[in-house]
1. Spot the failing condition for ARG82; the list is (1) surrounded by 14 or more Cβ atoms within 10 Å (Cβ to Cβ); (2) more than 22 Å from the chain's Cα centre (by Cα), and only one is missed.
2. I need a count of the residues in the stretch 9-35 that are aliphatic (A, V, I, L, M) and within 13 Å of VAL56 (Cα to Cα).
3. For the stretch 111-163, how many residues meet the condition of being farther than 30 Å from LYS211 by Cβ, without any contact (Cβ under 8 Å) to a residue 24 or more places away in the chain and in a strand (DSSP E or B)?
4. If only one of ASP262, ASP203 is modelled with pLDDT of 90 or more and either over 27 Å from the mean Cα position of the chain (by Cα) or at negative phi (or both), which one is it?
5. Can LEU21 be described as touching a Pro at 6+ places or on another chain (Cβ under 7 Å) and at negative phi?
6. Just one of the numbered conditions (1) surrounded by fewer than 15 Cβ atoms within 10 Å (Cβ to Cβ); (2) out of contact with any helix residue (DSSP H, G or I) (no Cβ under 6 Å at 6 or more places or on another chain) is not true of HIS216; which one?
7. Just to verify a result, which residue in the stretch 85-103, among those that are at pLDDT below 85 and closer than 14 Å to SER123 by Cβ, is surrounded by the fewest Cβ atoms within 10 Å (Cβ to Cβ)?
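The values are calculated or read from the model by the stated rules, or taken from the named source; none is laboratory data. Please read these numbers as outputs of a predicted model, since none were measured by experiment. Quick reminder, even Gly has a Cβ in these numbers, built from the backbone with ideal geometry, and neighbours come from all protein chains shown.
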Amino acid sequence: MGLGRNIAELRKQRGFTQEELGARLGVTNQAVSKWENETSLPDVMLLPELADALGVTLNALYGIKEIKPEKVRADDFPKAARESLKKFFVEQAGAIMPGGQELGEHIDLLGCVSDTSGTVFLSRDFSFIENTFGMPGSEAIFEHAELIPILKKLTDRNALRVFAYMYRTTFERKASDPGTESWEWACTYTVPAVAADCGLDEDEVLEAVEKLDSLHLIDFKWFHDGVTEYYFSKDYAQFVLVLFRTLEILFTDSRTYALWRDSSKISDYLFEKLWK
């Protein structure tokens, strides 16, 4: 269907006469008639106003079908996002190297490094996109004084032990009652109970919990029947997991990537093994 026929069809759907549509656009009904008969075309500068008057996008005005993104449940979103990113990697590799798409479908470790505009990493368990890698001034993050106390608290063995315990038991409780709404399964912890389960004394647990609280890994605390109860923060826990996933990559001796460098032009390559 041509542009003229689309205009006519959309105009009728909106219940406008040619004269009414022309009045909205500041043109005559004869001009609208010519558009619909395709003896002339609307001025290109008028197209956004025409689409707006007809209540559609410019793509719809031209009869271009818009693919609406599939709605994904929150529980399925991480997997869907990873699959989309992996699909993009595979398509790009296939476009550059014959057979790359078939090969890429069986690779679980993928990466792209640009010396000037960022880096992307994708594995079965963990992915990241870092947009400042290699950019001027990006090294300032390593000298950020306020980050040092955070790292020190996260290297405290007791704090990590308590964090790991809360992390595990919080999600175990959710798994044991999958029908529970998210806001209903906010897990509470007391110092005596954590001390008993973690094999620490109460003073050690209290110190660890206060460190976690200062990092927002405790949502809040409140007094109930004379006992302080702590709520574990699922929202902030994800950032600790990301940090340690990244450290895990550094610890591993070797990694295999489907990787190319397209900014520096120093080298362009795909599917090479990189040894540290």
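1. ARG82 satisfies all of (1) surrounded by 14 or more Cβ atoms within 10 Å (Cβ to Cβ); (2) more than 22 Å from the chain's Cα centre (by Cα) except (2).
2. Going through the stretch 9-35, the residues aliphatic (A, V, I, L, M) turn out to be 10, 21, 23, 25, 27, 31-32.
Going one step further and asking which of them are within 13 Å of VAL56 (Cα to Cα), we end up with 10.
The total comes to 1.
3. Counting residues in the stretch 111-163 that are farther than 30 Å from LYS211 by Cβ, without any contact (Cβ under 8 Å) to a residue 24 or more places away in the chain and in a strand (DSSP E or B) gives 2.
4. Values: ASP262 fails: modelled with pLDDT of 90 or more.
ASP203 is the lone residue from the list that is modelled with pLDDT of 90 or more and either over 27 Å from the mean Cα position of the chain (by Cα) or at negative phi (or both).
5. On the way: touching a Pro at 6+ places or on another chain (Cβ under 7 Å): no; at negative phi: yes.
Against the criterion (touching a Pro at 6+ places or on another chain (Cβ under 7 Å) and at negative phi), LEU21 does not qualify.
6. Checking HIS216 against (1) surrounded by fewer than 15 Cβ atoms within 10 Å (Cβ to Cβ); (2) out of contact with any helix residue (DSSP H, G or I) (no Cβ under 6 Å at 6 or more places or on another chain), the one that fails is (2).
7. Residues of the stretch 85-103 that are at pLDDT below 85, as a first pass: 86-103.
Those still in the list that are closer than 14 Å to SER123 by Cβ too: 86, 89.
Details: LYS86: 19, PHE89: 22.
Filtering first and then ranking leaves LYS86.
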